[in-house]
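First up is the structure itself, then whatever we jot down about it.
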Amino acid sequence: MLEQIRNILLSHYGKRNPITSAEIARKIGIVEDDTHAQTRALILECARKYELPIAASNQGYYLISNQQEYDEYMDNLNSRSAGIEEREKIITKNFKRDK
């Protein structure tokens, strides 16, 4: 399956040419719910195994094709990470306050 995913992604260079996890799942024959958790996990494993610069957006997955796309994707990941850390602090503070 990983090789199939790699081959699919190799025709999706650049953020203007994404493919959704639903489309990938359909092409490799996976049937799953709306979260596509299995497909997303396989895409990440594909990035590891084949050392592909895979990015994701609300439009789907694509291979990063230039420095600008890389920078934008890293900014997106850092922003999401900061948001998760902020939620963690708030929830921890609120939980400990109740004890």
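The values are calculated or read from the model by the stated rules, or taken from the named source; none is laboratory data. The model shown is predicted, which means the values in this text are computed figures rather than measured ones. Heads up: the accessible areas ignore ligands, DNA and RNA and are worked out on the full protein's heavy atoms, side chains in. Shrake-Rupley method; radii C 1.70, N 1.55, O 1.52, S 1.80 Å.
I'd like the distance separating the alpha-carbon centroids of segment 43-75 and segment 15-29, in whole Å.
14 Å
Given 0.36 nm per residue, what is the gain on full extension from ILE28 to SER65 after removing their alpha carbon distance, in nm?
Using 0.36 nm per residue and subtracting the Cα-Cα distance, I get 10.9 nm.
For mean projected area of the Cα convex hull in nm², one of (i) 7.9; (ii) 6.7; (iii) 9.0 was computed from the structure I shared and the rest are decoys. Which label?
Read-out taken from this structure: (i).
If you count only protein heavy atoms and use a 1.4 Å probe, how large is the accessible surface of LEU52, to the nearest 10 Å²?
LEU52 has an accessible surface of roughly 30 Å² with all protein chains in place.
Quick one: length gained pulling GLU85 to ALA41 fully straight, 0.36 nm per residue minus the C-alpha distance?
13.6 nm
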